[in-house]
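Working notes, beginning with the structure itself.
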Amino acid sequence: MSPLSEIRVRDLMSRDPETIAPDAPLGAALAAMRAQEIRHLPVVEPGGRLVGIVTDRDLRQAMLARSHALRDANRDLQVQDVMTCGVVTVEPDATVVRAATLMHERKIGSVPVVEGGRLAGIVTERDLLRAVMRESPARATAVEPFLW
């Protein structure tokens, strides 16, 4: 096994993640996230260019905004109305430590992986935890339950 500092993002990222278009309705984003049991949904234009990310937190915060949009603009919200633009990304050759550092510093739960201007994958907190568990299997299996 390699030390975590040598593991590359490409070795643990989820390839071909579920994505959504910017003009999709919020309901479609919610349905996709529920069906795939995910909390982070990259927003891509045709051709695969990453333009944002929508998270379960974005959707929760949009519920209030949705009622205002329906009343004020007489339309339903789209993904582009609530997504985070200017997404923090990494390249496939970045180290796992780099991805974890970005996620910790920015207080985010995932980092899309971009290669050649296109979405190549995504790294989530769960992916990082899985890498730590693989690196330290003795510790992962030696944990005993605590009774408080």
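Data for the structure
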| item | result |
| --- | --- |
| Count - residues of segment 25-37 that are buried (at least 18 other Cβ atoms within 10 Å of the Cβ) and closer than 17 Å to Pro112 by Cβ | 2 |
| Any hit, segment 81-95, residues being at pLDDT 85 or above and farther than 30 Å from Gly47 by Cα | no |
| Leading residue by the ranking (modelled with the lowest pLDDT) among those in segment 102-117 that are exposed (fewer than 13 other Cβ atoms within 10 Å of the Cβ) and under 29 Å from Ala62 (Cβ atoms) | Gly117 |
| Of residues in segment 16-40 being in a strand (DSSP E or B) and out of contact with any helix residue (DSSP H, G or I) (no Cβ under 6 Å at 6 or more places or on another chain), the one nearest to Thr124 (Cα to Cα) | His40 |
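The values are calculated or read from the model by the stated rules, or taken from the named source; none is laboratory data. Note that the coordinates shown come from a computational prediction; the quantities given were computed from them, not determined experimentally. Ideal geometry is used to build each Cβ from the backbone, glycine not excepted, and the neighbour counts take in all protein chains shown.
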